[in-house]
Every structure is written in structure tokens, then in C-alpha cells.
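Everything on this sheet refers to the single structure shown next.
The values are calculated or read from the model by the stated rules, or taken from the named source; none is laboratory data. Note that the structure is predicted; figures quoted are calculated from it, not measured. Positions of Cβ are backbone-derived with ideal geometry, glycine not excepted, and every protein chain shown enters the neighbour counts. Side chains included, ligands, DNA and RNA excluded: accessible areas come from the protein's heavy atoms. Shrake-Rupley method; radii C 1.70, N 1.55, O 1.52, S 1.80 Å.
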Amino acid sequence: MSKPKIGIRPIIDGRRMEGLEEKAFIMAKRAKELIEANVKYADGTAAECVISPCAISGSREAYICKEAFDKENVVATLSVTPCWCFGSETMDMDPLTIKAVWGANGTERPGAVYLASVLAAHEQKGLPAFSIYGRDVQDTEDQPIPADVAEKILRFARCAVAVGQMRDKSYVNIGAVSMGIAGSQCDADFFQRYLGIRAEWVDMTEILRRRKYKIYDEEEVERAFAWTKKYCKEGFDKNPEPHTAAQKAEEWRDVVINTIICRDIILGNEKLAAKGYIEEGNGRNGILGGFQGQRMWSDWQPNADFAEAILNTSFDWNGKRQPTIFATENDGLNGVAMLFGHLLTGTSSVFADVRTYWSPEAVERVSGKKLTGRAAQGFIHLINSGAAALDACGQVKNEKGESVMKPWWEMEQKDMDACMKATDWCPAALDYFPGGGFSSHFNTKAEMPVTMVRVNLVAGLGPVLQIAEGYTVELPEDVHALIEKRTDPTWPTTWFVPNLTGKGAFKDVYSVMANWGANHGSFTYGHIGRDLITLASMLRIPVSLHNVPEEDLYRPHAWAAFGTSEPESADYRACAVYGPLYK
């Protein structure tokens, strides 16, 4: 399958002054080298760029370029020029490509003048484009890409490639709506019109059918089960009347098989076709999935905590591998937030309940201790009911000894071992999950930069994105233990402190919690809010809450026409006017 590519369009003056074509192609080649050296697809391979077969000075060459790009699955275009050119005659007119224009900041043959001209054309024709314009004037012979230009090119490329990777993929609902949670009421129009993703549904009984008829790779099941017995240590059983050892042994085998089946439903597995199950082997072309679980499944079958935790993790019994985004309780909107984070970073995304705000006063009342450091103004308890990507344990280290969550392709055996050592698998709380199963349990014992994200749907408005950059924090062990026991000591816990700005929803930690749009959120390693905002603008999804500095906002140039003094309001108006990317 052809990967989504970025097409680079060298633009020149139709009068073809001496040396212009060479300069334009030098700009194009340098942009290509920059992107391919720094941007990756979610599968870990380098992003691919293609350069137009000809310089573009008018509509005929623009068409030749488009014909070439159509054969290459180009999803975004970067037009580059060192000089004045003819705006509407050379612009990218494809309504589905994400567009950017880099006009060199020079005086001899000012590409910036073309930039201003063609951006006006883009806005007049309703085809928004990102503006790339260096702060400092360059001399004609000054060829290296300035740092500020490089940063914009790379952010554009990262986000455009993310858009392309979603296009024509599927969201696979395994089951339906869990416990009345609105996020699991899959809106197929949202997925199609805003993301280019097809929504599909598979009944949970499909898992039982595949188990009964062994529609799975039996060799992999045995290997996975042996790995599980070796590395997945069983944790604390809080149940007054625990399941027997025989019951638990059967549940372990079931959850391993179920994990493989869920993965195969989403992604497919060529080994099933070899067994004669061609349809099952094809999978659903999924880029993410979700599992209803509660309650029609977990009331009598082992829950999906193991499947959700392992699939979202950057490794399993096969070694390191790309996480499969798999949303708890089939909350597809949170699954989309997880997907955004993963596509932009290559790391695992972590599903969590945004469970509780703990004020400093409340912590002192129950523990007798004052909070210090980042947690001094309180924190938010992020905890899922039994499933979270193991990468979030905080025990993976970089070369400086700092706790990190690595892109999956950088994971080493020592990193996987550290995650498994930090995690135990507690027998499921039977009052929640009568069918049993095993919950991943760890505490994020690290201070790491993370970004919490959520997509919400609002009647009359459509989708909105919420972003909160901040840090995981580590509490004193006795305080941690005391608070953890008040919720569920068998579930994975992360203590999160958002970066505060002193105003609006980020005036204090409580206000972040109070303005969060749903009971669930996702978090991804690093402060990636700026990239998420750029990605959202490409998809025409307004950002309703964020704490990213205004100087870091990068949206299409047309957004300035909707007002510059209040970027949040302008974002809403621009998204409403342009509408979803896929009409």
C-alpha cells in the first residue's frame, strides 16, 4: 500500500530569468532532505516526499505536477519559491491536499511577495494554506534553510503525514455503547467527514466464534501464553471471595487468546487466510479500535483489560512493535485523541479516566502531609479501570537517565523488561467485572512531560479538541498508597499536574478538571500541544481549551482573516466557514 507522501512544488516566474529554476529546485531538494531526515510515519519508517517533475511557472506545469502527484498518493503539498511568480496560475488547486507555501525572504527576487500574493488567492478560493516565511532576510547565495523556516516545515509535515495516515482507514467498534458513555456512541459522520476514517462494527460474539473454532494462529497463542506466564506476574487480589486457581488459569488463557483475536479483527492476519479463513485474515483495515466490554461482556466473560493494555503498549511477546490503538469502553472519541498523539510521536498513548482533582487541602486532610514541588497546587488522578499502556510506568530511561516514553521503534529489551517489572496484573475486581480477568497495575513513578488530550462532540457545533500540557508527578509513597486505596489499588495510576497560566481554564488545577469535557482523556509523552493545534486546524476541528503559548500557534494563514486579537475565537469561526476536510 502506497504511503501518504508530501509533494514539493518548485515555483518560478514564467519569464524564466537565469538561475531561477535551479534555485527553486535547490529549495525543493533541501526541504525534501529536511523532512525525510526528521519526520517518520507511525510504523517507524521515514516520511517520503516527491518533487514535481518540472518547475511550475503556469497552469500547464501545475497540471503536469498534479498528474505526477496523483500517482504517488500525495496528501499534502509544499510549494517553494525564491522569487516572484504568478499566484493563481501556479497554486495547488486540489481541494483535498493540505497546503503550505514557502516564499524565501529575500530582496533580489522576493519570494515573499509571491507568498503574499498566492496566499490571498488561496483565501479567495477557499483553499487555506500555511504560510512559511523566514524572519530574517537571506542573500541570494544563502542556501541553508533558516531554523525558524525548518521548524514550520517540519511541523507542517508531521501533521500533514498524520492526516494522510488516517485517510481511508477504519475505526473498528467491537461491541456497541458501554454503560451509556456518550464517547462510545460512534458518530460515523464525524469519522468520515473530519478524519476520512470509515466506521465499522463487529459484535463481541465474534470473539467467542473465533475462540470456539480456533480462528487464530495457534502457534502464536502458545508463544504468547508462555511469555505471559514468564513475565506477567499476578498481583494483589482484593476480592473477598476470589476465583479459584483453576478459574484464574483458564482466564489467563482466555485473555491472551482474546487479545490476539481483537488485534486480528482490526489489523488482519495472513496466517488466518492460510487456514482457509480469508475474510477473517483480511481484517478491517483498522487504524484504531475500541471494545465495549462493560457490561454485556464483562458480566460473564474475562474483561478486556489485558487486551487493552497490551495492544496499546509498544511491545508484546513478538518484541517491540507499533501500538494498536484500542479504546476502553469503546470510547472512540478518546481513541481518536490517542491516535492523534501516537501519529505525531510514534509513542504509546495512554487511556485514562480523568477521575479526581485532589486539592492541597484535601491531601493534607487525609494524609497529614503538605504537597510540594509541581504537586503543590494539587493534581488530577488519571486512572483507568484496569487497562493502560505499560509504557506509562515511568521506568524507561533515556541516555541521561531521565524517565521517558520512547517511540516504539527505539524500545530495547531493557526497556521492555523495566515495564514488565513495574507492572503486576491484579485479578479483576469482581464487583465491577464478575467474569474475571486481570487488570494492569502500576504507578507512574516519574516526573515526565506529557500532554493530555480529548476530542468531544457538541450538538450544533461539531467536534472540539481539548489540550492540557503538564507533567506526571511522583507522590511520597505513603501518600500515594493512601490515595490509591481510596479508588482501586488494582488499577494503573498516574498523578498529573497541568501547566498553569494564571488565567481562564488554566488559572488553577481545579479549573482544568472543571472544564474537561468528558470522563475520559488520553495522554501522550512530551509537550505536543503545538502540533495538535496545527493538526486540528488541518482537520477543521476548533481547539476549545489549551495552554500552549500564543507565539507557538501555527494555523493556516487564512485564520488571520477571522481576527488576530483572539486566536481561539478566530479558530472557531475559520473551522465553521471551511467545514470538515472531507465534504
Expressed in angstrom, Rg and Dmax over the Cα atoms of region 365-460 are 16.9, 50
Treating only Lys and Arg (+1) and Asp and Glu (-1) as charged, each at its beta carbon, one finds that the chain has a dipole about its Cα centre, in Debye to the nearest 20, of 400 debye
Taking Cα atoms only, helix 111-124 is inclined relative to the longest principal axis of the chain by an angle, in degrees rounded to 10, of 70 degrees
accessible surface per residue for region 139-291, probe 1.4 Å, DNA/RNA/ligands not counted, whole Å² -> 47 Å²
Of the candidates V202, F25, P302, the farthest towards the positive dipole end of the chain (Lys/Arg Cβ +1, Asp/Glu Cβ -1, centred on the Cα centre) is V202
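Are there chymotrypsin sites (Phe, Trp or Tyr not before Pro) in region 229-266 that DSSP marks as loop and that have at most 13 other Cβ atoms within 10 Å, and which are they? Don't skip to the end; give the middle numbers.
Working: sites: Y231, F236, W252; in loops: F236.
Answer by residue number: F236.
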With +1 at each Lys and Arg Cβ and -1 at each Asp and Glu Cβ, the charge dipole magnitude of region 1-117 around its Cα centre, to the nearest 20 debye, comes out at 100 debye
Placing each pseudo-label 7 Å from Cα in the direction of the beta carbon, D189 and K414 end up separated by a distance in nanometres of 5.4 nm
Taking every C-alpha to C-alpha distance in the chain and binning by 10 Å from 0, the per-bin percentages run 3, 17, 26, 24, 16, 9, 3, 1, 0
With the 8 Å Cα cutoff and a minimum separation of six or more residues, the chain has a relative contact order in percent of 13 percent
Using alpha-carbon coordinates alone, the radius of gyration and Dmax of region 509-581 in Å work out to 12.9, 35
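Extension gain N519-A37, at 0.36 nm per residue separation less the Cα-Cα distance, in nm? Mind showing how you got there, number by number?
Details: separation 482, 0.36 × 482 = 173.52 nm, distance 3.88 nm.
So the chain would gain 169.6 nm between N519 and A37.
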Residue-ordered couplings for region 531-545, obtained by feeding phi - 60° into the Karplus form 6.51 cos²θ - 1.76 cosθ + 1.60 and rounding to whole Hz (Gly and Pro as x), are 5, 4, 5, 5, 4, 4, 5, 5, 8, 6, 10, x, 9, 8, 7
Taking a label point 7 Å from the Cα of Q143 along Cα-to-Cβ, the residues of region 14-55 whose backbone nitrogen sits under 16 Å from it are 19-34
Site S2, offset 7 angstrom along Cα→Cβ, radius 15 Å on amide nitrogen, limited to region 39-55, gives 48-53
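I need the per residue convex hull volume for region 5-166, using only the alpha carbons, in cubic angstrom as a whole number. Walk me through the numbers on the way to the answer.
On the way: hull volume 15.6 nm³, N = 162.
Spelled out: Cα convex hull of region 5-166, divided by residues, is 96 Å³.
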Among A120, C83, N105, the residue whose Cα sits farthest towards the positive end of the charge dipole of the chain, when +1 is placed on the Cβ of each Lys and Arg and -1 on the Cβ of each Asp and Glu, is A120
Placing +1 on each Lys and Arg Cβ and -1 on each Asp and Glu Cβ in the chain, then taking the dipole about the Cα centre, the residue among N239, L461, F379 whose Cα reaches farthest towards the positive end is L461
The relative contact order of region 5-166, taking Cα pairs under 8 Å that sit 6 or more residues apart, comes to a percentage of 25 percent
Dividing the surface of the Cα convex hull of region 241-372 by four yields a projected area in nm² of 12.5 nm²
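If each DSSP helix of 4+ residues adds -39,500 (n - 2.57) and the sum is divided by the residues in the chain, what number results at 222 nm, nearest 500 deg cm²/dmol?
It lands at -11000 deg cm²/dmol.
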dims of region 424-583, Cα set, principal axes, largest to smallest, nearest Å -> 55, 35, 23
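A 26 angstrom limit on the alpha carbon distance is what I want to check against. Which of K3/K152; K212/K238; K3/K229; K369/K503 exceed it? Please list the in-between numbers first.
Values: K3/K152 22 Å; K212/K238 31 Å; K3/K229 38 Å; K369/K503 28 Å.
Pairs exceeding the cut-off: K212/K238; K3/K229; K369/K503.
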A correct Karplus calculation of ³J(HN,Hα) over region 429-440, with 6.51 cos²θ - 1.76 cosθ + 1.60, θ = phi - 60°, whole Hz and x for Gly and Pro, returns 5, 5, 6, 8, 10, x, x, x, x, 9, 9, 6
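Whenever you get a sec, compute what percent of the accessible area on region 170-578 sits on carbon and sulfur atoms (1.4 Å probe). Write down the numbers at each step before the final one.
Details: 7670 of 15520 Å².
Taking all protein chains in place, region 170-578 shows 49 percent carbon and sulfur surface.
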Interchain or sequence-distant (5+) residues whose placed amide H lies within less than 5 Å of the amide H of E234 are W425
Length gained if V113 through S88 is fully extended, taking 0.36 nm per residue and subtracting the Cα-Cα distance, is 7.7 nm
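Remind me, relative contact order of region 311-428 in percent, using alpha carbon pairs under 8 angstrom and six or more residues apart?
Details: 164 pairs, mean separation 31.3, N = 118.
Answer for region 311-428 is 27 percent.
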Ignoring ligands and nucleic acids, E67 exposes an accessible area, probe 1.4 Å, in Å² to the nearest 10, of 90 Å²
Taking Cα atoms only, Rg over Rh for region 119-237 with Rh from the Kirkwood formula is 1.21
